[in-house]
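Engineer: Pasting a structure below so you can have a look.
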Amino acid sequence: MKLLTVYGSPTPPGKLARALGLIEEDVRARFPGWQAERLSPQTTTDPVVAIWEADAVDRVREADAVVLASPVFRGSLSGTLKLLLDTLPGEALRSKPVGVLTVAAAPHHFLSAERHLRDILAWFGALTVPNSAFFVDRAFATDEVSDDVRCDLGEFTEQLTVLTERLSGHRFGPDPLHVRMSPPAGR
């Protein structure tokens, strides 16, 4: 099985990337038969938006499970991650387990980006894991990450892998609203 972690930040890898690295290491160490790879955008001179490689959509589509990771920017997900989500076809995340990881500068941002991401994932018909992972950025300020944070990331990873293994191959209905409310092809 393949886990794709998505680094949804326009900035060079830092605290959010450190969190994803711990998830990827955990998957490789604890879950035989799983591989973990990361999808990261190319940074630009724009401090707000980076661009995605041409194969980004295919990599999301081919993954068995996905972790969407975003810093909290102005109470929401990053524009970089939104650009990727906007390019995905409706079926790319359909019935696919997806975990949400957000990192913010302050604890009072704990639901802001997650709420927006859950709404977007519902549009796709994704299987969003019940418990997301939120951390204040200082938890990843150094290479020494606390045992509590590692434990939380481990539980987050476990729920995503277990959900994926148990529900692999199942397609859940009814179709998402965007499918049901779209006119039939050819009209």
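Engineer: Do you know which of the residues in the range 35-71 that are of a type in the set (Ser, Thr, Tyr) and either over 22 Å from LEU121 (Cβ atoms) or touching a Leu at 6+ places or on another chain (Cβ under 7 Å) (or both) is modelled with the highest pLDDT?
Structural biologist: Just the residues of the range 35-71 that are of a type in the set (Ser, Thr, Tyr), to begin with: 40, 43-45, 70.
Retained after the next criterion (residues that are either over 22 Å from LEU121 (Cβ atoms) or touching a Leu at 6+ places or on another chain (Cβ under 7 Å) (or both)): 43-45, 70.
Details: THR43: 84, THR44: 81, THR45: 80, SER70: 95.
Applying the filter and picking the extreme gives SER70.
Engineer: Still on this model: Those residues that are of a type in the set (A, V, I, L, M, F, W, C), surrounded by fewer than 18 Cβ atoms within 10 Å (Cβ to Cβ) and touching a strand residue (DSSP E or B) at 6+ places or on another chain (Cβ under 7 Å), I need them from the range 32-88; list them, please.
Structural biologist: Step one: list which residues in the range 32-88 are of a type in the set (A, V, I, L, M, F, W, C), which gives 34, 36, 39, 48-52, 54, 56-57, 60, 63, 65-69, 72-73, 77, 81, 83-85, 88.
Filter again for surrounded by fewer than 18 Cβ atoms within 10 Å (Cβ to Cβ), leaving 48-49, 51, 54, 57, 83, 88.
Matches in the range 32-88: ILE51 only.
Engineer: Of all residues in the range 165-183 being touching a Gly at 6+ places or on another chain (Cβ under 8 Å) and more than 30 Å from GLY33 (Cβ to Cβ), which is modelled with the lowest pLDDT? First the steps, then the outcome.
Structural biologist: Of the residues in the range 165-183, the ones touching a Gly at 6+ places or on another chain (Cβ under 8 Å) are 172, 175-176, 178-179.
Cutting the leftovers down to more than 30 Å from GLY33 (Cβ to Cβ) gives us 175, 178-179.
Details: ASP175: 78, HIS178: 72, VAL179: 75.
This residue is HIS178.
Engineer: Return only the number of the condition from (1) touching a residue at least 40 places away in the same chain (Cβ under 8 Å); (2) within 25 Å of SER70 (Cβ to Cβ); (3) of a type outside the set (A, V, I, L, M) that CYS151 does not satisfy.
Structural biologist: Unmet condition: (1).
Engineer: Give PHE124, PHE134, PHE140 a once-over and let me know the one that is surrounded by 13 or more Cβ atoms within 10 Å (Cβ to Cβ), in contact (Cβ under 8 Å) with a residue 40 or more places away in the chain and within 18 Å of ALA17 (Cα to Cα). Quick ask: steps written out before the conclusion?
Structural biologist: Working: PHE124 fails: within 18 Å of ALA17 (Cα to Cα); PHE134 fails: in contact (Cβ under 8 Å) with a residue 40 or more places away in the chain.
None of the other options fit; the residue is PHE140.
Engineer: Which ranges mark the helices (runs of 4 or more DSSP H) fully within the range 1-102 that have 3 or more residues being closer than 19 Å to ASP137 by Cβ and more than 13 Å from the chain's Cα centre (by Cα)?
Structural biologist: Values: elements: 15-30, 56-62, 79-87.
Fully inside the range 1-102 and qualifying: 15-30.
Engineer: Exactly one of these conditions fails for ALA29: (1) under 24 Å from ALA113 (Cβ atoms); (2) without any contact (Cβ under 8 Å) to a residue 40 or more places away in the chain; (3) surrounded by fewer than 20 Cβ atoms within 10 Å (Cβ to Cβ). Give me its number.
Structural biologist: The number of the failed condition is (1).
Engineer: Residues being in contact with a Pro (Cβ under 9 Å, 6 or more places away or on another chain) and closer than 26 Å to GLY169 by Cα: count how many of those fall in the range 39-81.
Structural biologist: Result for the range 39-81: 6.
Engineer: Take the range 1-31 and flag every residue that is over 21 Å from VAL103 (Cα atoms) and touching a strand residue (DSSP E or B) at 6+ places or on another chain (Cβ under 8 Å). Break it down stepwise before answering.
Structural biologist: If we filter the range 1-31 for residues that are over 21 Å from VAL103 (Cα atoms), which is where we start, we get 1-2, 28-31.
Correct list: MET1, LYS2, ARG28.
Engineer: Oh, and also: Could you say which residue among LEU160, LEU153 is assigned to a helix (DSSP H, G or I), in contact with a Gly (Cβ under 6 Å, 6 or more places away or on another chain) and surrounded by 15 or more Cβ atoms within 10 Å (Cβ to Cβ)? Talk me through it step by step, then tell me what you get.
Structural biologist: Details: LEU153 fails: in contact with a Gly (Cβ under 6 Å, 6 or more places away or on another chain).
The conditions single out LEU160.
The values are calculated or read from the model by the stated rules, or taken from the named source; none is laboratory data. Not measured: the values here are computed from a predicted model. Every residue, glycine among them, receives a Cβ derived from its backbone with ideal geometry; neighbour counts consider all protein chains shown.
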